[in-house]
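Data first, discussion second: the structure below is written as structure tokens.
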Amino acid sequence: RDGACGHQGDRLLYARVTDPPSGDAELLAIDAASGMSETLLASGVELRSQPPFFDLGDHQVFGSGLELFRTDGTPAGTTLLANELVGYGSRIDRFLGEIVIADSVLWITDAKEPTGARLLLTGDNVNLYVAPELAPLGPTLVFLVWDEAHGGELWTSDGTAEGTALLIDAVPGPGSLFRGVSIDRYAEYNDPELVGADTF
């Protein structure tokens with residue numbers, strides 16, 4: 001989205017709409033000292049992840065459309081991490097040295113996969129919906145899922161599809177521990193409901 005900013009070192013990262021009718025945008029890096037700008041991605045930039053830029057040490061990670069990128073603030077250092085990802089307002093976070101992406105489905109980056117990521121949990125937006133909420137707690141990822149049988153409840157993952165499951169049906173049956181987690185309210189997620197800090 002136009003106006004989303006981040007920074008890498010002394011470079012401001014800025015998405016600028018170049019063609020308002022189409023909404024096409026580019027990603028710029030602006031040097032704080034000189035004010036000079038460089039184009040990191042020339043077209044097709046749609047910053048849809050939450051946060052728009054995620055700090056990964058010497059890189060920033062960001063979601064653009066159905067793709068996940070990382071950048072060191074230079075054109076040569078701006079590379080694709082994963083593509084063919086689902087989600088409009090995906091929540092991203094670091095987990096087990098990888099990046100997890102939650103929105104409708106749950107992904108984790110994996111360089112061995114052809115798309116750069118593998119599915120941990122598939123949602124269909126009707127019977128199962130992965131909310132854009134994440135809380136990495138050491139070796140366990142906690143996240144929110146709505147499904148017909150359990151309503152909106154806490155789920156966990158160890159980073160594998162086999163190790164991804166409902167933690168507890170805290171409100172038994174289709175009742176929800178998190179009432180905001182429902183397939184018809186997904187657009188209301190602006191602030192995180194889950195925040196992880198180490199193992200808490």
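The values are calculated or read from the model by the stated rules, or taken from the named source; none is laboratory data. Computed from a predicted structure; not experimentally measured. A quick note on method: Cβ atoms are made from the backbone with ideal geometry, for glycine too, and the neighbour counts reach across all protein chains shown. With ligands, DNA and RNA removed, areas are computed over all heavy atoms of the protein, side chains included. Shrake-Rupley method; radii C 1.70, N 1.55, O 1.52, S 1.80 Å.
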Per-residue accessible area, 1.4 Å probe, largest first, puts ARG16, ARG11 in the order ARG16, ARG11
Taking just the alpha-carbon atoms of the stretch 61-176, what radius of gyration and Dmax come out, in angstrom? 14.6, 52
Residues with amide H under 5 Å from that of LEU41, placed H, sequence gap 5 or more: LEU27
Positive end of the charge dipole of the chain (Lys, Arg +1 and Asp, Glu -1 on Cβ, about the Cα centre): tell me which of PHE53, CYS5, GLY63 has its Cα farthest that way. CYS5
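With only Lys, Arg, Asp and Glu charged, each at its Cβ (+1 for the first two, -1 for the last two), find how big the charge dipole of the chain is about the Cα centre; round to the nearest 20 debye. Walk me through the numbers before you get to the answer.
Working: 11 positive and 31 negative charges, 25 e Å.
Dipole about the Cα centre, nearest 20: 120 debye.
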Amide H contacts under 5 Å for HIS59, placed H, 5+ residues apart: none
When the accessible area of the chain is computed with all protein chains present and a 1.4 Å probe, what percentage of it is carbon and sulfur? 54
Cα atoms only, the chain: Rg and Dmax in Å? 17.6, 60
Taking 0.36 nm per intervening residue step and subtracting the Cα-Cα distance, what contour gain separates ASN83 from ARG16 on full extension? 21.9 nm
Provide the per-residue ³J(HN,Hα) series for the stretch 152-160, in order, calculated from phi with Karplus coefficients 6.51, -1.76, 1.60 and θ = phi - 60°, each as a whole number of Hz, with x at glycine and proline positions. x, 9, 7, 10, 9, 9, 9, x, 10
Other-chain or far-sequence residues with amide H under 5 Å of GLY77's (modelled H): ASP72
Quick check: the distance between the Cα centres of the stretch 82-141 and the stretch 41-56, to the nearest angstrom? 16
